[in-house]
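Where a number appears in this text, it was derived from the coordinates with a stated rule and is not lab data. Computed from a predicted structure; not experimentally measured. Don't worry about glycine lacking a Cβ; one is built from the backbone with ideal geometry, like all the others, and counts go over all protein chains shown.
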Amino acid sequence: MPIRSEHTIAFSGLKDGRHDFHYAVGAPFFQDRSDEEVHDADLRVTVELDKSPSMLVTLIHVSGTVQVDCDHCNTPLDFPLEGDQRQIFRFTGQDPDSDDEEIVGLDPHAHEVDLGHYIYECVRLALPIRRVHAPGQCDPEVELSDEPASPNEDTDAPDPRWKALEALKDQRS
Ligand SMILES: [Zn+2]
């Protein structure tokens, strides 16, 4: 049996109108997506879904912290994060002609939708390109050196992306 994402919403059984979904997102969510920048996460996700006969309007809200490496001292940093994303699924069977990324076509016969990808997008868009500790919070030892840190760990580990790719294939077969 294919593994069903926990962020899949079986909307066919829902009445028209508003429904709320709550998720906790941690490190495995990012490991599954081969995201090597996010080492850990403690995020709360709320999805407000508004169902109508022709479309689903979803409002995704994420808040919490993600652990990334500080761009200045290269030590772990718990970065506070807050983000919103609106995603509209129309039962058209194809993507609309407009290049509005907010609107996605959904098979008219579909009965569920996996929001994992959109939740991930929402988190990544909320993460600025440069992430640094608050002033004075950087590792003082590392801060003295301008050399980029080059940890020797993990060099022998297999590329985790291959594993993720295999898992993805398994899910789809
Ligand atoms: Zn730092």
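Just a few scattered comments:
- Alpha-carbon centroids, segment 1-48 and segment 59-78: separation in whole Å: 18 Å
- Projected label distance in nm at Leu14 and Val142, using a 7 Å step from Cα toward the beta-carbon: 4.1 nm
- FRET efficiency, 1/(1 + (r/R0)^6) with R0 22 Å, evaluated for Glu112 and His22 via beta carbons: 0.80
- Point-charge dipole on Cβ atoms (K/R +1, D/E -1) for segment 1-111, about Cα centre, debye to 20: 720 debye
- Simple label model, 7 Å out from Cα along Cβ direction - Leu125 to Asp42, nm: 2.7 nm
- Share of pairwise Cα separations in segment 46-88, more than 12 Å, in percent: 67 percent
- Local net charge near Thr46, Cβ-Cβ under 14 Å (Lys/Arg +1, Asp/Glu -1): -2
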